[in-house]
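The values are calculated or read from the model by the stated rules, or taken from the named source; none is laboratory data. Bear in mind the structure is a predicted one, so any value in this text is a computation, not a measurement. Quick reminder, even Gly has a Cβ in these numbers, built from the backbone with ideal geometry, and neighbours come from all protein chains shown. The protein model used for the area step is the full one, side chains on, heavy atoms only, and it has no ligands, DNA or RNA in it. Shrake-Rupley method; radii C 1.70, N 1.55, O 1.52, S 1.80 Å.
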Amino acid sequence: MAQQLVPGGGMPDRIADVWGTRTPHDRDTPWPVRVDTHLEEGVAEGDVDRWVRSACVLCSNGCACDIAVRDGRMVGIRGRAGDVVNHGRLGPKGLYGSWQWNGADRLTRPLVREGGRLVETGWDTAMDRIVERSRRLMEEIGPLSHGFYTSGQLFLEEYYALAVIGKAGLGTPHMDGNTRLCTATAAAALKETFGSDGQPGTYTDIDSCDAIFLYGHNMAETQTVLWARVLDRLYGPRPPVVVAVDPRRTRVTEAAGRTGGVHLAPLPGTNQALMNCLVREVIENGWVDREYVAAHTVGFEELAATVAPYTPERAAEICRVPAGDLRRAAEIFGTSDRVLSTVLQGFYQSHQATAASCQVNNLHLLRGQIGRPGGGVMQMNGQPTAQNTRECGADGDLPGFRNWNNPRHIDELARLWNVDPLTIPHWAPPTHAMQIWRYAEQGSIRFLWISATNPAVSLPELPRVRDILRREDLFVVVQDGFRTETSEYADVVLPAALWGEKQGTFTNADRTVHLSEKAVEPPGEARSDLDIFLDYARRMDLRDRDGGPLVPWSSPEEVFRAWQECSRGRPCDYTGLSYEKLRGDSGIHWPCNDQYPDGRDRLYADGIFPTDPDFCEAYGHDLLTGGDVTPERYRAARPDGRAHLKAAEYTPPPETTGEDHPYVLTTGRTVYHFHTRTKTGRSRRLRDAAPGPWAELSPGDAAALGVAEGDLVRIESPRGAVEVPARIGRGRDGVVFVPFHYGYWDTSGAAPDGRPRAANEMTLTEWDPVSKQPVFKVAAVRVTRLHTPGAPRPAAK
Amino acid sequence: MHLSTYVGLLHTSLRTLADAFRQVGDGHAEEPDVHHICHVLATGIDGHVDRLAPIVERYGEHREEEPERLHAAGLDSTRSGPVGLLRDLQDLYMLASLTDITWTAVGQAAQGLRDRELLDVVESCEQDTDRQLSWLRTRIKQSAPQALIAAS
Ligand code: SF4
C-alpha cells in the first residue's frame, strides 16, 4: 500500500497537486490503492482516539473515508483503502474541507425574527412558531400552501422521513431540492431512455474502457478522485482515448488532445445539434449493432429520421466547431470496443438538457455498449446525496422510483403508509423547484421550509430570488449548519448537525451505498435534520388512517428499515442491506436483495430494461415540449423491457446574443469549492486557494475589449451584473465564464453592497421542459472594462 | 368540391393558431416555460403554413364560396394571474383541437382523392398538432390545482 504520508505529519500540498501522485495501471487490472490522509497541524496518527467510518459528501463521488477523532473533536481524515469507490484516495475538498468546520461560527441555537432581526431562542419557541403557522395555513388554504425545498447533502433517512411527512402527512406536491439544479436531468434522461432512474454503469468501468467521452463534464475539477482514476489509466499501458465536449479548455480537454481524441467546443446552447450529428454519423457509417437495436430498443426509425438532417457540415455551422472533428469523434465512438460516457452540467444546465443527454444514452444503445465492463454510460450528479433525494422522493418524485401516473403504485404507497391514496398528491408530476418559487412569488405558497441549501446564491436570477424571500406573506424556515445568505431572510432558523455529527446512509452517483457514523456531538443545541423533521411531525400530530402516528421512528436505523420496505421489489431495492452489513469492508451497490446479495455493480447487462408499463417509473415526455406521454400511448408502443430511443430536433436557446449583449455567459465550478461555499469557504486552505470569483475571457475577446489580466470588468446580462477581475485564456471566443460559488456571507451578508459577485445575478429563469433543470450555462451578456486595480492578479493554474 | 374550402380553412386556422400561441406566450412572459414553448410551437406551426401553401394554391383554383362562420376567431387579448393563464391555455387547446380535427378531415379527403402530396403533409403535421395538445394538457393539469385552490 503506497502510503502518501510524509514525515512531519503532512502530505504533499493537494491544493497545488490536486490529483496527487500517479499510480498507473493497465486496462482490466484493479486500480492500485493509495491512501490519502490529512490531520490537523500538531496531531500525529498516534494521537487519534478513534477512526470513525464515513464517506465524503462534498461531491457525487462519495469517497469512503474514516474521520479521525480526538477528545471529542474531528481532527482529520483518511481514505478507506478497501473501498470500491476511491481505493483510499481523497481530493482537496475531502482532505481540507469536509471536517474543518468544527466549531467556528456554527449555528448553535434556533433563531426567530423579532422586530425585523433574528434573535436567539429555544427549540420550543422556534418549533411552536413553525407549527402554529403551518397549522393555520393547512386549515385556511390546505397543503398547497406548503413548500419544502431541500438539498443534495442530507442522508437517505432524512429524505425519506421528509418525503413521508410531506406526501402522506400534509399531502403537498410542492417538494423539491436543489438537486433540481444539478442532477434532475440525469434522472430525467435515465427515465426517458430506460424507464427508470438508476445509474447503469459503475466507476469501475474506467478501469476497462478503450474510449471515454465526457460531455459537459469537467471531471478534473468536479470529481477529482474520479479524474485521478482516469489519469492512472492515461499514464498506464493501453490508455483510453478521451473525447471531451466543453466550450472551455480544461484539464479534460487537454487530455483529449494528448490521447489522440478530440475536443469539441460547441457554442453554449447547441449541444443538441452536436449530439444529433454524432448519432447520425454512427447510423450513416453502419456502426450500429443492428441485432441489439432490434432486440432491445424501440424507436429506431424515428430517431434516424430526426437526426438525418444533422450532417457534420450543418452541425458545424450551428455549433461552430470543425466538421472534421465531429466526424472523428463519431468514428471513435463507433469503432472503439468499449466506450464509457459521462455527462454532467455542461449538458444538464444547458439548453435542451434532457434531449441532449438522451442522445448519449442513444449512442450507447445503438452500439449495444451498456452493462458490460468498460462499456457504459454515467449520467452523473454534482450533489453527493442527490441519488437519495431521487430515490426517497424528497424531490417530489414518488419513493422507490414509483410512477405518479400509475394508480397501482399509489396504492402500494398508501398501503405502506396506511393512508388514503387520495392524500398522496399524484394528479400531475411533482412541482419542480422553479415552479415552487414562482408560486411563492405569486403568493399561493406561503410556507417554505428550506433545509441544507442556500438558494439566495444557487438559484438563477438572484435579484428575483431575494425579492421572493423578502415577501411579507411568505413564512420562511431555514435549517442549516451556518448562517447563510438565505438564512438572513428567514422567519425561523434551525441549527442543524452536519456530517460527522449525525448518523445515516447515502448513495453516490454509481449507486454505492455507504454508512456515515456519528463521530462527534453537534455543537450547542444543534440537532440532526432527521430529529428536526420528526419533531415537526410529532408537533403537527400527523397520523395514519387508524389514528396511529404517521412517522413512529426515532432513530436513523428505524427509518432505514422502513425505507427498505418501501424499496422492496423496486429497481432501487435496499432489502439486502443493513447498517451491520454496511460496516463491512466497502460500500455496496444497490440493488441489494435476495437476487443480488452483494449488490449489482452494472445494470442492464442482460439488455432488459425496466420499461414494462406496470413497473416503469415514468411514461415519458415529448423531449421538445415536456408534454406527457399518456399511459395509453405508452402501452401502445409495447416497450416490454426494451429501451426507448428518443429524439428531438435542435431549437435555438431561449436567450441569444445580440448587439446589446454580444457574449454568451457560461457558469461553472472551480475545484476548491462546493456550490455556495457554505462549508468549503470556511476551510482556510480552500478559501485561500480561490478566495473570490473572476471572469474568464478568451485572448481574442480580451484583446478586442482592451482587457488585461487582473483588470476589473463588469459583466452584465439583462437581469443583473457582477464586477470581478478578468482572467485571460482557456475559453473560446464569444464566451465568458464565471464560477458560481461566490455569494456575500463573507463580504457583507445577504446581498451585494455595490460590488456584486455572484454569477447567478445574471443567469436566466428558464428551465429544460423535461427535467425542469434551470439553464445556468447560457445567457447573453456585455463586458465592460472598469479599471486596473494595482498589480495584476496571477492567473490560476 | 369542398376540399378546397377546407384546405383554406386549415391554412387560416394554422395562422390563427400560431398567432394565438405567440400572444399567450407574450401575455404570460413571467411563466418562462409558457413563453418559450409557445414560441417554439408557433415557429413549428409557421412551418406547417408554408408546407400547406402549394396545396392551397393547387386547390384554390376550384374554390367554392365559403360558408359563413367557417373560421374560428383568434384571441382578442390574454388574461392575467394563475386563473387567467389557465383560461388562456384552454383557449389555445380549443384552437389546437379545431386544427387537429381539421387535419383529420382533410386527411380523409386526401385519401379519397389519393393525393399523395397532401397525405404526406397531413401525416407529418398532424403529429405536431398532437404534440401541441399534449403539452397544453400537461401544462393545464399542472396549473389547475394551484390556480383553483390556493391562488388568491
Ligand atoms: S472527490 Fe469528491 S467525494 Fe472524493 S474526497 Fe473529493 S470532494 Fe470528497
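Here is how the numbers come out for the structure above:
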read-out: Average partner coverage of A:537-546, which counts Cβ from other chains inside 10 Å; value: 0
read-out: Longest DSSP-loop-exposure-free segment, GluC sites (Glu not before Pro), chain A, at most 11 other Cβ within 10 Å; value: A:42-471
read-out: Environment charge at residue A:472 (Cβ cut-off 11 Å; Lys +1, Arg +1, Asp -1, Glu -1); value: +1
read-out: Buried on assembly, region B:111-152 (at least 50 Å² less accessible surface than by itself, 1.4 Å probe); value: B:131, B:138, B:141, B:142, B:146, B:150
read-out: Neighbour-limited loop hits for trypsin sites (Lys or Arg not before Pro), region A:475-579 (at most 15 other Cβ within 10 Å; DSSP other than H, G, I, E, B); value: A:545, A:568
read-out: Area of residue A:776 that stays accessible when all protein chains are in place (1.4 Å probe, Å², to 10); value: 10
read-out: Highest to lowest packing among A:168-175, B:7-14, scored as the average C-beta count within 10 Å; value: A:168-175, B:7-14
read-out: Surrounding net charge for residue A:441, when Lys and Arg each add one and Asp and Glu each subtract one, Cβ distance under 14 Å; value: 0
read-out: Within chain A, helix-based [θ] at 222 nm, where runs of 4 or more DSSP H residues each add -39,500 (n - 2.57), nearest 500; value: -7500 deg cm²/dmol
read-out: Dipole in debye (nearest 20) - region A:2-96, about Cα centre, beta carbon charges: Lys, Arg +1; Asp, Glu -1; value: 260
read-out: In Hz, Karplus ³J(HN,Hα) per residue of region A:70-83 (6.51, -1.76, 1.60; θ = phi - 60°; x = Gly, Pro); value: 9, 6, x, 10, 7, 10, x, 8, 8, x, 8, 4, x, 8
read-out: Carbon plus sulfur fraction of accessible area for region A:510-559, probe 1.4 Å, in percent; value: 43
read-out: Loop trypsin sites (Lys or Arg not before Pro), region A:676-754, which have at most 10 other Cβ atoms in a 10 Å radius of their Cβ (DSSP); value: none
read-out: Protein accessible area in region A:2-96, 1.4 Å probe - carbon and sulfur %; value: 53
read-out: Sequence-distant lysines (8 or more away, or on other chains) whose Cα lies within less than 16 Å of residue A:502; value: A:518
read-out: Protein accessible area in region A:663-787, 1.4 Å probe - carbon and sulfur %; value: 50
read-out: Rounded to the nearest 10 Å², the accessible area of residue A:499 at probe 1.4 Å; value: 10
read-out: In order through region A:595-610: 3J(HN,Hα) via Karplus (6.51 cos²θ - 1.76 cosθ + 1.60), integer Hz, x for Gly, Pro; value: 6, 10, x, 9, x, 10, 6, 10, 8, 6, 4, 8, x, 9, 10, x
read-out: Interface B:A - total buried accessible surface [probe 1.4 Å, Å², rounded to 100]; value: 2300
read-out: Accessible surface ranking that places the most exposed of A:283, B:45 first, with a 1.4 angstrom probe; value: A:283, B:45
read-out: Per residue value of the accessible surface for chain A (all protein chains in place, 1.4 Å probe), Å²; value: 31
read-out: Accessible area of residue A:520 in the full protein assembly, 1.4 Å probe (Å², nearest 10); value: 10
read-out: Accessible area, probe 1.4 Å, largest first, for residues A:51, A:427, A:590; value: A:427, A:51, A:590
read-out: Qualifying lysines (Cα of each under 30 Å from Cα of residue A:772; at least 8 residues distant if same chain); value: A:93, A:167, A:191, A:646, A:679, B:141
read-out: DSSP-loop chymotrypsin sites (Phe, Trp or Tyr not before Pro) across region A:186-283, with at most 13 other Cβ within 10 angstrom; value: A:235
read-out: At least 50 Å² accessible surface lost relative to isolated chain, residues of region A:116-163 (1.4 Å probe); value: A:144
read-out: Net dipole in debye of the protein assembly as shown [+1 Lys, Arg Cβ; -1 Asp, Glu Cβ; about Cα centre; nearest 20]; value: 2040
read-out: Residues with amide H under 5 Å from that of residue A:589, placed H, sequence gap 5 or more; value: A:513, A:600
read-out: Average Cα contact separation per residue, chain B, under 8 Å, 6 or more apart, as relative contact order %; value: 29
read-out: Residue with peak Gaussian network fluctuation, chain B [Cα springs, cutoff 10 Å], from B:102, B:43, B:138; value: B:138
read-out: Shape metrics for region A:184-380, restricted to C-alpha atoms - Rg then Dmax, Å; value: 15.1, 42
read-out: Ranked order, A:737, A:300 - accessible area, probe 1.4 Å, largest first; value: A:300, A:737
